[in-house]
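Just below is one structure, and these are the notes that go with it.
The values are calculated or read from the model by the stated rules, or taken from the named source; none is laboratory data. From a predicted model like this one, the values you see are computed outputs, not experimental measurements. Reconstructed Cβ throughout: ideal geometry from the backbone, glycine too, with neighbour counts over all protein chains shown. Accessible surface areas use protein heavy atoms only, side chains included; no ligands, DNA or RNA. Shrake-Rupley method; radii C 1.70, N 1.55, O 1.52, S 1.80 Å.
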Amino acid sequence: MSTFIEHIVKLTNHRDRDLLELTLSKALIDLLPLERIVVARVVREDGVGRWLDVARLDAKGGGRVMDPQRVDFQSLVRLEDASDRFKCLQSRQLLEVTWAGPQGPRITLLPLFSDSRQEDAGVLELHSEASLSPDSLMLVEALRQIYRNMYSLLEYSDRDPLTGLLNRKSLDDAFYSAVLEDLDGKVPDMAAVAEHERRHRVPANYWLGLASIDNCGLIRDKHGPALVDDVLQRVARIMSSTFRTYDRLYHFGADQFGVLMHCPDEALVLSAFERFRNSVEKTHFPQVGRVTVSCGFTTVRADDSPASALANTERAVDFARRGGGNKACSHPGLVRRGFFGPTPLPGDQVAAA
């Protein structure tokens, strides 16, 4: 059995927030008398919250790690329907559920974080044959605090301080890890994933998009950099409320925003960017008035890198700007119409540019 110190080393050795829940789960199930551990996070779409079991491990072997971008959102349990989890989340307190008699198996629930930020909300669900001892609960609390500290440190390094969105530095790792194939429901050994595999095992339906504020330079010249920062923050808030909580949203500096998302249909991606573009246009920006954005997106193909995918999205954004701005354009759609780029592969889905 691994020692507590060894698991601390593993938890503090990560540079990827998406692997922290898995490492925490392995530590808890290895060090405590648990039958199962589930790390459940809250994901939201169109204002509706649902539970996603991002990590699930069993003491007898087996488990699963879920990528939020790959789930069918409608198949997930609604937030209020998992009453015990919801009660734990609302109270921010430990909750013990006895479901087979006073001395029988227990489920102990604890909030994953001490605060209740919507984007970080979640619970630890510990299944055991009996009530956990005070010493066991102290160990849980210690590991939970280490997890929180590491999560906060990694989040700070991944976030743009002005908008709170992810920064350009965080895109590369997210780009490759987000498009890895589903590993047949098994917990992945990330150390065994070679870089060339990460570049060649890309499933369909991943999209990278950009949105650029039209005439941002003129706004800066007329109103000054402080007001431009206010515009950027407001656009970031509109973006966060328009896209899904499990879409990855970025601010790349200056006037450029990014989105990495999983979606089964090109037309739905175009619709999402149109909603965002329309929301920005309808928003009144103090002292500035009307602000618009030009958007472009592309499908992520095998052998794409973040740089090559971004180049295609930038071409689509440039096309939108040359057409007067305040438009959303699909790079594959523009290719199909013969404006630029190679002939698309057979079977490409069709949507208007």
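In this structure, does Glu274 turn out to be open to solvent by 30 Å² or more (accessible area, probe 1.4 Å) and within 15 Å of Ala316 (Cβ to Cβ)?
Working: open to solvent by 30 Å² or more (accessible area, probe 1.4 Å): yes; within 15 Å of Ala316 (Cβ to Cβ): yes.
The answer is yes for Glu274.
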Which of (1) touching an Asp or Glu at 6+ places or on another chain (Cβ under 6 Å); (2) assigned to a loop (DSSP other than H, G, I, E, B); (3) of a type in the set (A, V, I, L, M) does Val38 not meet, given it meets every other one?
-> (2)
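Residue under question is Ala302, and the condition is that it be open to solvent by 20 Å² or more (accessible area, probe 1.4 Å), among the hydrophobic types (A, V, I, L, M, F, W, C) and in a helix (DSSP H, G or I); does it hold? Before you say what the answer is, go through the steps one by one.
Values: open to solvent by 20 Å² or more (accessible area, probe 1.4 Å): yes; among the hydrophobic types (A, V, I, L, M, F, W, C): yes; in a helix (DSSP H, G or I): no.
Criteria not met by Ala302.
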Filtering segment 59-84 down to residues that are in contact with a helix residue (DSSP H, G or I) (Cβ under 8 Å, 6 or more places away or on another chain) and either open to solvent by 50 Å² or more (accessible area, probe 1.4 Å) or modelled with pLDDT of 90 or more (or both) yields Ala59, Leu79, Glu80
Which residue pairs have Cβ atoms under 6 Å apart, sit 6 or more places apart or on different chains, and have a first residue in segment 117-145 that is at positive phi and a second that is open to solvent by 20 Å² or more (accessible area, probe 1.4 Å) and modelled with pLDDT of 95 or more?
-> none
Matching option when the condition is among the basic types (Lys, Arg), open to solvent by less than 70 Å² (accessible area, probe 1.4 Å) and free of Cβ contacts under 8 Å to residues at least 60 places away in the same chain, among Arg92, Arg148, Arg56 = Arg148
What are the pairs, 6+ residues apart or on separate chains, where a residue within segment 314-341 that is free of Cβ contacts under 8 Å to residues at least 12 places away in the same chain has its Cβ under 9 Å from a residue that is of a type in the set (Val, Ile, Thr)?
-> Val335/Thr343
Just a yes or no: is a residue in segment 224-231 open to solvent by 50 Å² or more (accessible area, probe 1.4 Å) and hydrophobic (A, V, I, L, M, F, W, C)?
-> yes
Taking Leu270, is it modelled with pLDDT of 95 or more and part of a helix (DSSP H, G or I)?
-> yes
What are the pairs, 6+ residues apart or on separate chains, where a residue within segment 170-182 that is outside any helix (DSSP H, G or I) has its Cβ under 9 Å from a residue that is modelled with pLDDT of 75 or more and open to solvent by 10 Å² or more (accessible area, probe 1.4 Å)?
-> Val179/His262; Val179/Asp304
Name the single residue, out of those in segment 327-353 being modelled with pLDDT of 55 or more and open to solvent by less than 30 Å² (accessible area, probe 1.4 Å), that is nearest to Cys216 (Cα to Cα).
-> Ala328
Would you check which residues across segment 250-271 are surrounded by fewer than 21 Cβ atoms within 10 Å (Cβ to Cβ), among the aliphatic types (A, V, I, L, M) and touching a residue at least 12 places away in the same chain (Cβ under 8 Å) and list them?
-> Ala254, Ala267
